[in-house]
Amino acid sequence: MHEHAEVVGLEEQLTVPTRHTPHLFDLWISLRWNASHTEWTKEFAIDAERHNAARSSTGSMQLVHMSDRQGWIVARGVDLVAVAPREVEALVRRVVARVNERNAVTPNAAPPRSSQPTWSNRVRTSVATGAAGLVGLVVAPRDRSADIAPN
């Protein structure tokens, strides 16, 4: 399935000192997926591994899932003296964009639309049909011959 992640933003209230190294910090950047994130997670692991091997002042990236559609990328061990939190967020946005590009589906590979009507379309049709029937009862012409009094 076509999987994309969207960076929601830096969760400043979750920024905490890194365990056992209080001069470094863990920055939590929240994400949302538009679909199950299985393939996306695999692709992200490849980019994160490359970044983590470089060991820079931006720390190492780790993906933490909260649910099928939400989670965080945690930049662990960030040196906030050398780099600003917004720079780390910008780096995460670039990594997410690269992973999204690799997971992009070509238009020809898009899943076929189902010929079955969706639940919302069935409800919409039922409501419209019922409403049309009610309007027909209220607006329908009446037999005027019964209203005319005999002479």
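Numbers at a glance
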read-out	value
Karplus-derived HN-Hα couplings along segment 84-98 (A = 6.51, B = -1.76, C = 1.60, θ = phi - 60°), whole Hz, x at Gly and Pro	7, x, 5, 5, 5, 4, 5, 4, 4, 4, 5, 5, 4, 4, 5
Nonlocal amide H pairs with A35, under 5 Å, H built at 1.01 Å	H4
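Taken together, the values in this text are just the output of simple stated rules run on the coordinates, not laboratory data. Treat the numbers as computed from the prediction; the structure is a model and nothing was measured.
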